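In what follows, a structure is listed as structure tokens, so that the remarks can point back to it.
The values are calculated or read from the model by the stated rules, or taken from the named source; none is laboratory data. If you're wondering where the values come from, they're calculated on a predicted model, not measured in any experiment. Glycine gets a Cβ as well: all are built from the backbone with ideal geometry, and neighbour counts include every protein chain shown. Remember, those area values only see protein heavy atoms, side chains included, never the ligands or the DNA or RNA. Shrake-Rupley method; radii C 1.70, N 1.55, O 1.52, S 1.80 Å.
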Amino acid sequence: MNIISIVNGKINKLDLNSELEFDEKNICINTISNSKLYLEIIGDENVKINILVKNDTTLKIFNYSKLEHCSLDFNIVQNENSKLTMNCMFNSNDSKINSLVNLNGKNSIIEYNSSCLGETKKKLRINHNYSNTNSIVKSYAVSDNENINFDIEEFVPKNSVNCNLSQASKIITIKDNKCMIKPILLIDEKDVNASHSSVISPISESDLLYIRSRGIKLEDAKKLLINGFLIGNLSLNEDEKNILLEKDIFRR
Amino acid sequence: MLKIKKLNVSIEDKEILKNFNLNINEGEVHVIMGPNGVGKSTLSKVLIGDKNYKINDGKISYYNEDLLKLEVDERSRKGIFVAYQLPSEIEGVNNIDFLKSAIKARSDKQINLFKFANDIEKLSKDLKLKENMLYRNINAGFSGGEKKKNEILQMRLLKPKLVILDEIDSGLDVDSLRIVCDNVLEYIKENPKTSLIIITHYPRILEYIKPDYVHIMKNGCIVKTGDYSLALEIEKEGFEKISTNIIKENI
């Protein structure tokens with residue numbers, strides 16, 4: 001797997017093969033052929049990442065970000081017949097995560113799964129600039145004592161026909177705090193399939209009871225449920241899951 | 001081992017259990033039968049410590065300890081196990097991680113992964129559970145029968161002293177019922193001091209697991225106690241007729 005690690009705004013580790021082109025100065029990642037990338041971003045400096053998924057290529061990104069009072073920007077462009085899968089775990093302390101996705105080619109697909117922990121403002125905008133483009137967005141978060149805002153906007157202009165849009169957002173609140181989900185679908189074309197769901201709720205008491213009824217202490221039961229909720233939202237293999245478990249995202 | 005005295009329980013101001021009494025000794029099998037809504041499942045929820053149920057009055061002692069003072073997880077670690085009628089489906093948490101956590105919660109020592117894997121493999125075979133189910137999310141997408149078998153797998157793995165089977169027979173086909181009952185019997189054979197409370201509508205399960213006592217519940221309390229023949233009588237006559245006879249006997 002290709003690896004890019006950025007710590008405090010600077011490249012810390014780079015291990016790339018010929019599947020990807022990388023411009024270190026502007027942090028631009030371009031696909032040459034189908035590839036997988038582990039992207040780690042840690043620190044308190046603002047980071048902007050540009051991604052181009054070229055015609056007929058796929059890119060699967062597994063991202064772990066630990067952010068402190070900073071912003072992380074993804075600027076993504078996808079060409080014809082491209083597929084991008086983003087599986088992102090954001091461990092954030094008062095940070096902003098902005099993603100702009102331009103589906104600039106027919107049959108381009110984005111699957112954007114993200115899980116957030118901590119004070120976060122997350123904005124995602126997907127422009128379906130061509131026909132037959134698909135987006136599947138799953139945004140999950142757990143709020144302990146922090147405010148979480150999701151602003152998820154998708155735009156389908158006139159003549160972008162047969163596009164499919166699916167959004168699912170869920171926030172679990174542990175304490176009584178303010179969280180907001182804004183699912184916005186701006187659609188100027190009739191031939192579109194679009195759906196969204198948004199849920200903000202406390203941790204399920206019945207799930208907690210079930211777990212605890214097998215002897216697991218309250219704090220461990222919560223941890224098991226939250227880990228499951230956040231990591232289970234991401235399409236990861238066992239090795240990738242273990243990377244997240246080793247990070248111990250709850251020790252913040 | 002378990003003494004329930006004059007227990008009164010309500011949920012959302014509706015009284016469910018009224019002056020409920022029950023004594024259970026080690027190694028006994030008790031069956032609680034009754035029509036829908038008489039409070040049978042409430043009993044299992046109260047015994048495990050579901051906070052939605054308010055204890056208005058009464059006592060429950062478990063091995064001479066006040067059970068009502070214990071948290072849910074403490075009750076489990078002290079040996080109480082409920083096989084739920086409708087177990088939770090939990091997104092993102094796989095069975096194996098859940099079971100490991102449950103075993104780990106019972107001991108300060110590191111979990112012996114080799115023994116754990118062997119135990120799980122054997123129990124899965126005994127219960128005819130597909131191996132991949134252990135790596136799936138807890139009960140997610142399981143059939144009714146698979147959920148019940150998963151409950152029994154947990155029971156055998158966690159080795160409880162008091163097992164409450166809450167309508168374990170509902171939704172099971174004949175073969176699955178036999179497998180579940182064989183596993184319960186195997187567990188009791190290995191752990192003869194274990195006591196069982198079987199909550200059920202039908203005596204079908206009792207063809208496999210023979211009870212020491214059969215209790216009939218009505219209006220939140222036990223109105224009649226007998227042996228296996230009482231369950232057969234219910235099968236023949238129905239709850240309504242038995243209840244009417246009880247009222248006549250009391251008059």
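Observations, loosely collected:
- Computed over chain A with a Gaussian network model linking Cα atoms closer than 10 Å, the most mobile of A:Ser204, A:Ser99, A:Ser195 is A:Ser204.
- Scalar couplings 3J(HN,Hα) for the range B:158-165, obtained by applying the Karplus form with A = 6.51, B = -1.76, C = 1.60 to θ = phi - 60°, are 8, 6, x, 9, 10, 10, 10, 9 Hz; x denotes Gly and Pro.
- Shielding by partners - mean other protein chain Cβ count within 10 Å, residues of A:226-232: 4
- Accessible area in square angstrom per residue, the protein assembly as shown, 1.4 angstrom probe: 46
- Applying a threshold of 19 Å to the alpha-carbon distances of B:Lys14/B:Lys40; A:Lys223/B:Lys104; A:Lys66/A:Lys96; A:Lys217/B:Lys100 flags no pair as lying beyond it.
- Here the range A:113-161 and the range B:156-208 have alpha carbon centers that stand 48 Å from each other.
- Electrostatic dipole magnitude of the protein assembly as shown [Cβ: Lys, Arg +1; Asp, Glu -1; Cα centre; debye, to 20]: 900
- Max mean-square fluctuation residue, GNM over chain B, Cα-Cα springs under 10 Å, options B:Lys210, B:Lys148, B:Lys109: B:Lys109
- Per-residue average of Cβ from other chains inside 10 Å of B:133-139: 1
- Solvent accessible area, Å² - A:Asp144, 1.4 Å probe, full protein context: 70
- Cα→Cβ-extended label distance, 7 Å offset, between B:Asp227 and A:Lys13, nm: 7.1
- Note on B:92-98: average number of Cβ atoms from other chains within 10 Å of each residue's Cβ is 6.
- Cα long-axis angle, helix A:238-247 against chain A (0 to 90 degrees, to the nearest 10): 60
- Computed in the context of the full set of protein chains, the accessible area of the protein assembly as shown at 1.4 Å probe radius has 46% of its extent on carbon or sulfur.
- Contact-buried residues of the range A:201-220, at a threshold of 20 Å² lost accessible area versus the chain by itself: A:Asp207, A:Leu209, A:Tyr210, A:Ile211, A:Arg212, A:Ser213, A:Arg214, A:Gly215, A:Ile216, A:Lys217 (1.4 Å probe; DNA, RNA and ligands ignored).
- Paramagnetic label reach from A:Glu219 (point 7 Å along Cα→Cβ; backbone nitrogen cut-off under 18 Å): within the range A:165-187, residues A:174-175.
- Principal-axis tilt of helix A:218-232 within chain A, Cα atoms, nearest 10 degrees: 10
- Interface area, A with B, accessible, probe 1.4 Å, both sides summed, Å² nearest 100: 1900
- Comparing Cα centroids, the range A:176-233 and the range A:21-43 end up 30 angstrom apart.
- Highest-fluctuation residue, B:Ile48, B:Ile90, B:Ile80 considered, GNM on chain B with Cα pairs under 10 Å: B:Ile90
- Ordered from largest to smallest accessible area (heavy atoms of protein chains, 1.4 Å probe), the residues B:Lys18, B:Lys236 come out as B:Lys236, B:Lys18.
- Given A:Lys170/B:Lys148; B:Lys18/B:Lys148; B:Lys45/B:Lys193; B:Lys3/B:Lys59; B:Lys147/B:Lys193, the pairs whose alpha carbons are separated by over 18 Å: A:Lys170/B:Lys148; B:Lys18/B:Lys148; B:Lys45/B:Lys193; B:Lys147/B:Lys193
- Hits among aspartates and glutamates - C-alpha to C-alpha of B:Lys122 under 18 Å, sequence gap 8 or more where chains match: B:Asp97, B:Glu131, B:Glu146, B:Glu151, B:Asp182, B:Glu186, B:Glu190
- Across A:Lys222/B:Lys218; A:Lys182/A:Lys222; B:Lys109/B:Lys130; A:Lys36/A:Lys121, pairs whose alpha-carbon gap is larger than 32 Å: A:Lys222/B:Lys218
- Within straight-line cross-link reach of B:Lys236, lysines at Cα separation under 17 Å, skipping those fewer than 8 residues along the same chain: B:Lys224
- Extending 7 Å from Cα along the Cβ direction at A:Lys25 and again at A:Thr58 yields two label points whose distance is 3.4 nm.
- Residues in the range A:135-152 that a label on A:Ser197 would reach, taking backbone N under 16 Å of a point 7 Å out along Cα→Cβ: A:136-141
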